[in-house]
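In what follows, a structure is listed as structure tokens, so that the remarks can point back to it.
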Amino acid sequence: MVVALTGASGFIGSHIADELYRRGHRVRCLLRASSSTRWIDGKPYERVVCSFSEQQSLEYALTGVDAVIHTAGVIAARNMAEFMEGNEGVTRRMLEATSHVAPSSFVRFVHISSLAVCGPAPSLDTPLTEESPLHPITPYGISKKAAEDTVRSYSERLPITIIRPPAVYGERDEATLPFFKAVRRGIIPLIGLTPKWVSLIHVRDLARGIVDALESPAAVGKTYFISSDEFYTWKQIGLTAAAVIGSKAIPVVVPHFLVLTLAALSGWIGHLQGKAPVLDYHKGRDIIQRYWVCSSARARDDFGYRQQISLEEGISMTVEWYKHHGWLAR
């Protein structure tokens, strides 16, 4: 099967490409002219440079494919309009282009969304499911929800599947690297006085679950959480990382008011500089929530997905990769 993949130059997308190839699929990476190719260099993937703002360019890039996995998106932006363009706008053009060139045998359009479309869970005993009401609390979450709505609007024209990952970590990830660096220096940063629980999945488990959904006829027209079977606290994650690294790290609590103050300051500086800040007040609100947890029971029932990589194993692989590539001191 020829699978077109957006976001292949990124952390999650590059692992999806590897999993597709491992299963014998032909991978066509749709790349911007400015995209880094460091994670796909030397690999037997077809590359097509295209413009995600031009319909004709996308139609050319998608001609002859049997399936699409749309991973590319915007996680930081200067304003709501940029979030909407990067997440809903690009998704809409991808869907329209696919619908124009897809053969009658077209297998699936898989859209990679986010747990952020739901907002946090009400409690640890009631993890989010695919039937939970959608109450996103950030511009990012709102824009990803809009993208999901657009995907569903094409469900009569294309066989679609939506995947909502929770927090993701693993080899090639730069977003969680600062946490591991802090642990290496002897600090486990904890947000607030109350435990923060998360669903946390290793990227290889996520990639496997995404390709499982692509290949499963039962997944047509459905939405799935591909997640860990367990829920973790950041203290638990930090202590596990410290044991793997060999650091005598201690928990250090950062109060909510300080998190929000620093986040707001970061966002203000980004605004003055005309840059898209990774941390702003909205992201601050996101990280002080107590329960970012979800259930992958539907994926287990429909196509047999289960978490295979434990927290200890996943952190060990991640830390070893960081050290090998010089991202984390030995």
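FYI, it's all coordinate maths here, none of it is from the lab. Values in this document were obtained by computation on a predicted structure and should not be read as measured data. Neighbour counts run over all protein chains shown; Cβ positions are idealised from the backbone, glycine included.
Sorting the segments 54-64, 163-173 by their mean number of nearby beta carbons within 10 angstrom, highest to lowest, gives 163-173, 54-64. Calculated mean residue ellipticity at 222 nm for the chain: -12000 deg cm²/dmol, from DSSP H runs with n ≥ 4 weighted as -39500 (n - 2.57), summed, divided by the residue count and rounded to 500. Summing charges over neighbours of Ile191, with a neighbour being any other residue whose Cβ is under 13 Å away from its Cβ, gives +4 when K and R count +1 and D and E count -1. Within the chain, antiparallel bridges make up roughly 10 percent of the DSSP beta bridges whose residues both belong there.
Other residues whose C-beta falls under 13 angstrom from the C-beta of Glu174 contribute a net charge of +1, scoring Lys and Arg +1 and Asp and Glu -1. Electrostatic bookkeeping for Ser266 treats Lys and Arg as +1 and Asp and Glu as -1; over the other residues with beta carbon under 11 Å from its beta carbon, the sum is +1.
A Cβ-based charge dipole, computed about the Cα centre of region 205-270 with Lys and Arg at +1 and Asp and Glu at -1, lands at about 300 debye.
Here the Debye sum runs over all C-alpha atoms of region 7-143 as equal scatterers in vacuum, and log10 of I(q)/I(0) at q = 0.09, 0.21 Å⁻¹ comes out as -0.31, -1.31. In terms of its C-alpha gyration tensor, region 194-250 has an oblate overall shape, because the principal axis ratio a/c (a ≥ b ≥ c, square roots of the eigenvalues) is not below 1.5 and a/b does not outweigh b/c. Taking the Cβ-Cβ separation of Met80 and Val101 as r and a Förster radius of 25 Å, what is the calculated FRET efficiency to the nearest 0.05? The calculated FRET efficiency here is 0.20. Among Tyr224, Gly246, Thr194, whose Cα sits farthest toward the positive end of the charge dipole of region 183-311 (+1 at Cβ of Lys/Arg, -1 at Cβ of Asp/Glu, about the Cα centre)? Farthest towards the positive pole: Gly246. The charge dipole of region 147-301, taken about the Cα centre with unit charges on the Cβ atoms of Lys, Arg (+1) and Asp, Glu (-1), comes to about 480 debye, rounded to the nearest 20.
By the gyration tensor of its Cα atoms, with a ≥ b ≥ c the square roots of the eigenvalues, what is the shape of region 79-225: rounded for a/c under 1.5, prolate for a/b over b/c, or oblate? Prolate, since a/c reaches 1.5 and a/b exceeds b/c. Angle of helix 311-324 to the longest C-alpha principal axis of the chain, folded into 0 to 90 degrees and rounded to 10: 90°.
Taking Cα atoms, how many degrees apart are the long axis of helix 11-22 and the longest axis of the chain, rounded to 10 and kept between 0 and 90? Taking the Cα atoms of the chain, the angle to 11-22 is about 50 degrees. Name the most mobile residue of Val110, Val90, Val253, meaning the one with the largest mean-square fluctuation, in a Gaussian network model of the chain with Cα contacts below 10 Å. Sorting by GNM fluctuation, first place goes to Val253. To the nearest ten degrees, helix 139-153 and the longest principal axis of the Cα atoms of the chain are 30 degrees apart.
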